[in-house]
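No lab work stands behind these numbers, since they all come straight from the coordinates. Being a predicted model, the structure only gives us computed values, none of them experimental. Here Cβ is always computed from backbone atoms with ideal geometry, including for glycine, and neighbour counts include all displayed protein chains.
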Amino acid sequence: MTTQRIAAQPAALISLGAHLGGAAAALPLSAPSFSAGGRPATGDTAADAALHDVTASLAAHLGEIEEIVRLTSRQAELTALAFRVAGG
Amino acid sequence: MHDAADPGTLLSASDEHGLRARDLDGAAGTMRMVASGLAAGTLVGPCASRFMTTLGGLATALITARSAHEELADALRRVVAPIAEEQEARDKLDRAERRLSEVHTRLSGLPATADPVALARSKQEIEEAEEEVKRARRRHEEAARERDRAVRALAAACQGAAVLRTLPAPPGEVVIGPRLQETLKERGMRPGPRRAGGHGLTPQELRRIQRNGLSPAAPLFSLLYGKYGDDGALSSGKLPLGGRYTLGHRAFEVSGGAGRIGSDYGARGDFRAEAYALKADGGWRARHLEAGWSARAGGGEVSAGAEARVGPDGFRARGGFDGFVGAKAGVEGSADVAGVKAKAGVEVQGGVGMSAHADGGFHDGKLKLQLSGGLAFGPGAKLTGGVEVDVRKIVSAPFNAIKSLP
């Protein structure tokens, strides 16, 4: 493959877009609910604060990943559409 | 002293982080599968590089997040048992201290004149209770140290998991129309149109160009173009002397657009639909002569088309229509002599139909003109005639003859 070549298979790209969309939908996005018994605590203030921070940070991080996966999925579908419209 | 720690809650939190790790593992697997699909040639070129970079970064980010959740789940699970044991040891210590206090209270309530045997028994109970408190305190101190160690490990795991990788950038704008050209220029690639004939083109590009005469160098116009084809038959095979037959033949084709058509600019529209129970064709070819025959029976056809285009290598204008139901058979032949190719054909028809076509132009040094017309109402006929003059060949012939003289 060289960078001078541009081509695409629209059907395969649409399939890729669908896979990415599915992956984005399957991501665990919200912060853990810990429905079994409320917020977990160790009794140590510093450790509890660190646990709370990392849980919130991971949830936010996954939210950002989900946004990029969704955008990438959309780009794949639009690129497929562009090549299909262009007759590729 | 109130202890906010609940081993059951910590265990369920560990389970939840473990489930999230498994979900993220599945998402990372999907990302790897998508990337391998792209690597197989689904999308090649600059846009493929952007997609691959993004997908690679996403897979790495998902795996990192999965590892963070796994570490967190493990650290939470490791803290459950030490906390439960410390709480149990503290309960035992509390009970031992309460018993010692009760024994002290009972002893202090005895009068000085009490039975010496009862006094001795109480003092022994106090000694046993004190010994029990000492053992419980030692056990609790060990359990508290163990709990403290596990909680510190959990805090360290939380701080480590918080260090997540930088997220990849999304793949950017869609590669469509003029953007395609911009991408080419941005990457310092050849700005001019690429040559036809397979040089520097991918198989996908070649197929695309063969289908509709497009060039990736003119993406804007490409977007205004479309083509659809369909064909099929119940069975087909070869006939003697190089012919072919098709039973249950059907065809459908539509194309249309404006802008770039091959190397020219113009507009084009076509439509064709055809269905015959039997279709047969054959032909013969020699150096300067060509002859062919065709037959259609048990069906009909309708078609219409128009085209007007002009470019640096010439121009073309054509238009016509066909409508026919019935059976027909025809022959045609052509002869090419000294740069002039004449073509003629006749078709005998039985059915109902009408057709008229005109096609003319100049391209690649060749002047072409072809006319045809037919009419059938019961019996009928269609005549075709055309001429193609290779101007370049005719003009250069005298010079070539002079050059070939000894």
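Which of the pairs B:LYS341/B:LYS382; B:LYS343/B:LYS393; B:LYS279/B:LYS368; B:LYS238/B:LYS382; B:LYS238/B:LYS343; B:LYS238/B:LYS366 have their Cα atoms more than 23 Å apart in this structure? Exceeds cut-off: B:LYS279/B:LYS368; B:LYS238/B:LYS382; B:LYS238/B:LYS343; B:LYS238/B:LYS366.
In the range B:7-161, Cα pairs under 8 Å separated by at least six residues give a relative contact order of 32 percent. The mean number of partner chain beta-carbon atoms within 10 angstrom of a residue's beta-carbon across peptide B:9-19 is 5.
Considering only alpha-carbon pairs that sit under 8 angstrom and 6 or more positions apart, the relative contact order computed for the range B:280-406 is 20 percent.
Taking the Cα centre of the range B:7-161 as reference, the dipole from Cβ charges on Lys and Arg (+1) and Asp and Glu (-1) amounts to some 480 debye. Could you compute the net charge surrounding B:HIS69? Neighbours are other residues with a C-beta less than 12 Å from the C-beta of B:HIS69; K and R count +1, D and E count -1. That works out to -4.
Across the range B:263-406, Cα-Cα distances exceeding 28 Å account for 32% of all pairs.
Between B:GLY311 and B:TYR265, the built amide H atoms are under 5 Å apart, and every one of these is 5 or more places off in sequence or on another chain.
Distance from the alpha carbon centroid of the range B:267-332 to that of the range B:1-30 works out to 71 angstrom. The range B:55-80 and the range B:86-140 have Cα centres lying 50 Å from one another.
Determine the sum of side-chain charges near B:GLU125: Lys and Arg each +1, Asp and Glu each -1, restricted to other residues whose C-beta is under 13 angstrom from that of B:GLU125. Residues close to B:GLU125 contribute a combined charge of -2. Net charge of the neighbourhood of B:GLY242, taken over other residues with C-beta under 11 Å away and scored Lys/Arg +1, Asp/Glu -1, is +2.
Since only B:ALA308, B:LEU234, B:GLY292 are under comparison, the one whose Cα sits farthest along the positive direction of the charge dipole of the range B:229-404, derived from C-beta charges on Lys, Arg, Asp and Glu, is B:GLY292.
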